[in-house]
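The values are calculated or read from the model by the stated rules, or taken from the named source; none is laboratory data. All figures in this text were calculated on a predicted structure; none of them were measured in a lab. Please note: Cβ atoms are built from the backbone with ideal geometry, for glycine as well, and neighbour counts cover all protein chains shown.
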Amino acid sequence: MVKDRMIEKEHTDDLMDGMVIARLESHGHDFEIILEADYVNDGKAEGWSEILEHMPAEEIFIDARKGERVPAENMNEAFATESVKEIAINILKSGNVQLTTEQRRQMQDEKRKQVIAIIVREAMNPQTKTPHPPQRIENAMNEAGVHIDPMKPVAVQVKEVVELLRPLLPISFEKLKLAIKLNGDDYGKCYGDIKGMSKITKEEWTSDGSWVGVVDIPAGLQEELFRKLNEKTKGNVETKMLK
């Protein structure tokens, strides 16, 4: 019965937040899946082996928006299997991903924000050793005519955007090297923040019971680290920028 192959439309509408529909036509039949948008590209390197974990409904549809499932005979005719995983991977390999205009706009906006956040966090002005403010990065992206691809991984686009920004901004992904000194009582309160926000390249305990460490840290995180250390030590921390 057709009713047995239907999922309530309200339910599929709920599933579509942050999702895309991938579609393939084969042997005269339509096959669609609902999938997390980012996974379309993020999972490609591994052949989408974890695809089921990124499908809110482990179903193959005739029409995903209407919630109409594909009959088993159609799956067997086109793919010689009823395995949702195998068919879903086939759809991604040979089909196409459908985005509504609103989905494309939302995904572009979100990935643009992510690109800017990563550049602010990881890059710096090599002349001043300080991060570029987000608005400066955004203005430069506008000036350079940067286009954000809603389907391309953010990490790949960060590299491309930085290359477009270099003629407009002095920008470097070098890490800052800092020396930090804490007394023994504050060490336990601060060590997690230091390790979580930077890479500790050297550490030792001094004869007076203080901990001294040398760390590499992204430029955009230094102020946050300083703030946390000062809060937890009540200002009883020494830091020094190293060349």
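Details
- Looking across region 192-210 at every residue that is touching a strand residue (DSSP E or B) at 6+ places or on another chain (Cβ under 7 Å) and under 15 Å from residue 232 (Cβ atoms), the one that is modelled with the highest pLDDT is identified as 194.
- Residues considered: 238, 174, 224. Of these, the only one that is charged (D, E, K, R), more than 20 Å from residue 131 (Cα to Cα) and surrounded by 12 or more Cβ atoms within 10 Å (Cβ to Cβ) is 238.
- Matching residues, region 211-224, being in contact with a helix residue (DSSP H, G or I) (Cβ under 8 Å, 6 or more places away or on another chain) and either of a type in the set (Lys, Arg) or modelled with pLDDT under 95 (or both): 217, 218, 219, 220, 221, 224
- Only one of the numbered conditions (1) in contact with a helix residue (DSSP H, G or I) (Cβ under 8 Å, 6 or more places away or on another chain); (2) under 30 Å from residue 232 (Cβ atoms); (3) without any contact (Cβ under 8 Å) to a residue 40 or more places away in the chain; (4) aliphatic (A, V, I, L, M) is violated by residue 119, and that is (3).
- The listed residues are 121, 69, and the only one of them that is at pLDDT 90 or above and crowded, with 18+ Cβ neighbours inside 10 Å turns out to be 69.
- Among the conditions (1) assigned to a loop (DSSP other than H, G, I, E, B); (2) farther than 23 Å from residue 233 by Cβ, the only one that residue 139 does not satisfy is (1).
- Of all residues making up region 37-63, the number that are within 23 Å of the chain's Cα centre (by Cα) and either surrounded by fewer than 16 Cβ atoms within 10 Å (Cβ to Cβ) or in a helix (DSSP H, G or I) (or both): 14
- In region 192-221, the residues that are of a type in the set (Phe, Trp, Tyr) and either in the same structural domain as residue 118 (by TED's automatic domain parsing) or surrounded by 13 or more Cβ atoms within 10 Å (Cβ to Cβ) (or both): 211
- Those residues of region 224-243 which are under 27 Å from residue 137 (Cβ atoms), basic (Lys, Arg) and assigned to a strand (DSSP E or B), in sequence order: none
For (1) under 25 Å from residue 151 (Cα atoms); (2) in a loop (DSSP other than H, G, I, E, B); (3) more than 25 Å from the chain's Cα centre (by Cα); (4) at pLDDT 95 or above, each residue gets a yes or a no:
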site: 4; (1), (2), (3), (4): no, no, yes, no
site: 14; (1), (2), (3), (4): yes, no, no, no
site: 20; (1), (2), (3), (4): yes, no, no, no
site: 35; (1), (2), (3), (4): yes, no, no, no
site: 65; (1), (2), (3), (4): yes, yes, yes, no
site: 76; (1), (2), (3), (4): no, no, yes, yes
site: 87; (1), (2), (3), (4): yes, no, yes, yes
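- In region 89-115, the residues that are at pLDDT 95 or above and among the charged types (D, E, K, R): 112, 113
- Taking the criterion of being outside any helix (DSSP H, G or I) and out of contact with any Gly (no Cβ under 9 Å at 6 or more places or on another chain), the residues of region 102-129 that qualify are 125, 126, 127, 128, 129.
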